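J.: First the structure, which I've put down as C-alpha cells, then a few questions once you've had a look.
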Amino acid sequence: MSDLLERLRRRGWRMTSQRRVVVEALDGDHVHLTADEVHARAARRLPEIARATVYNTLGELVLLGEVVEVSVHGRAKRFDPNAHHPHQHLVCTGCGTIRDVRPTATPAGLPERERYGFTVSDVEVTYRGLCPSCSRDLPPG
C-alpha cells in the first residue's frame, strides 16, 4: 500500500468512510487515475459515494500536497499519490499509460547561465513514447 493513508493519519486528517475509500482507491504502484476512475474504484467499496465527494476529496488532497495532479496532453487529469517520493513520469502517447521512473534531472542540473537569475526549486521531466502494447499495434514497415 502507498503511504498516503499513513501520511494523512499523521496529519490528523479527518478520515470519514468516503474519504477513506477515495484514499484506498489511490493505492498501488504506478497509480495515476482520473477522477472518474477513482470514483469507480471507490464506488465498488462504498456504492453510495457521490462523484462530487470524490472530486472534492481529490481537490483537498492536492491542496494539502498529498496528491499531485498529472496532466497528459489531450487527456483527463490524473492523480498521483506518490507526492512525497521524487520521481518523473514515462507516458505512452498511444494509450496514456503512465509509469513512475527514478529522477534523472535535478534543479542543480541547470547551469547557472541558463537560470536567468531564477532560484530553481523543482524540475519536472516527462518522458514520452509508446508502451509495448501500443508498439505492437503499429503496422509493420
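The values are calculated or read from the model by the stated rules, or taken from the named source; none is laboratory data. For clarity, every value in this text was computed on a predicted model and none was experimentally measured. Virtual Cβ from ideal backbone geometry, glycine too; neighbours counted across all protein chains shown.
J.: Quickly run through segment 110-125 and pick out the residues that are surrounded by 11 or more Cβ atoms within 10 Å (Cβ to Cβ) and touching a residue at least 12 places away in the same chain (Cβ under 8 Å). Before the answer, list the steps.
T.: Applying the first criterion (surrounded by 11 or more Cβ atoms within 10 Å (Cβ to Cβ)) to segment 110-125 yields 110, 115, 120, 123, 125.
Listed by number, the residues that qualify are L110, V120, V123, V125.
J.: Can you name the condition, by its number, that V72 falls short on among (1) more than 20 Å from L5 (Cβ to Cβ); (2) not assigned by TED's automatic domain parsing to the domain that holds S17?
T.: It is condition (2) that V72 fails.
J.: Here is a further query. Please go through segment 30-40 and pick out each residue that is surrounded by fewer than 18 Cβ atoms within 10 Å (Cβ to Cβ) and either of a type in the set (V, I, T) or free of Cβ contacts under 8 Å to residues at least 24 places away in the same chain (or both).
T.: T34, E37, A40
J.: Still on this structure, I have one more. Quick one: is V62 assigned by TED's automatic domain parsing to the domain that holds H30, surrounded by 13 or more Cβ atoms within 10 Å (Cβ to Cβ) and either free of Cβ contacts under 8 Å to residues at least 12 places away in the same chain or assigned to a loop (DSSP other than H, G, I, E, B) (or both)?
T.: no
J.: Hey, can you tell me all the residues within segment 22-52 that are touching a Ser or Thr at 6+ places or on another chain (Cβ under 9 Å), closer than 22 Å to V70 by Cα and either aliphatic (A, V, I, L, M) or modelled with pLDDT of 95 or more (or both)?
T.: Across segment 22-52, the qualifying residues are V22, V23, L26, V31, V38, H39, A42.
J.: Does segment 74-96 contain any residue that is β-branched (V, I, T), more than 14 Å from the chain's Cα centre (by Cα) and part of a loop (DSSP other than H, G, I, E, B)?
T.: Here is the first cut: in segment 74-96, the ones β-branched (V, I, T) are 91, 93.
Subsequent filtering for residues that are more than 14 Å from the chain's Cα centre (by Cα) retains 93.
Those still in the list that are part of a loop (DSSP other than H, G, I, E, B) too: 93.
Checking segment 74-96: at least one residue is β-branched (V, I, T), more than 14 Å from the chain's Cα centre (by Cα) and part of a loop (DSSP other than H, G, I, E, B).
J.: Quick one: which residue in D100, D29 is under 26 Å from P132 (Cα atoms) and assigned by TED's automatic domain parsing to the domain that holds G129?
T.: Numbers: D29 fails: assigned by TED's automatic domain parsing to the domain that holds G129.
None of the others qualify; the one that does is D100.
J.: Working carefully through the options R7, R11, R44, R19, find the one that is in contact with a His (Cβ under 8 Å, 6 or more places away or on another chain) and among the charged types (D, E, K, R). I'd like the intermediate steps shown before the answer.
T.: Values: R11 fails: in contact with a His (Cβ under 8 Å, 6 or more places away or on another chain); R44 fails: in contact with a His (Cβ under 8 Å, 6 or more places away or on another chain); R19 fails: in contact with a His (Cβ under 8 Å, 6 or more places away or on another chain).
Exactly one residue qualifies, and that residue is R7.
J.: Check segment 75-82 and report whether any residue there is touching a residue at least 24 places away in the same chain (Cβ under 8 Å) and polar (S, T, N, Q).
T.: Yes, there is a match, as at least one residue in segment 75-82 is touching a residue at least 24 places away in the same chain (Cβ under 8 Å) and polar (S, T, N, Q).
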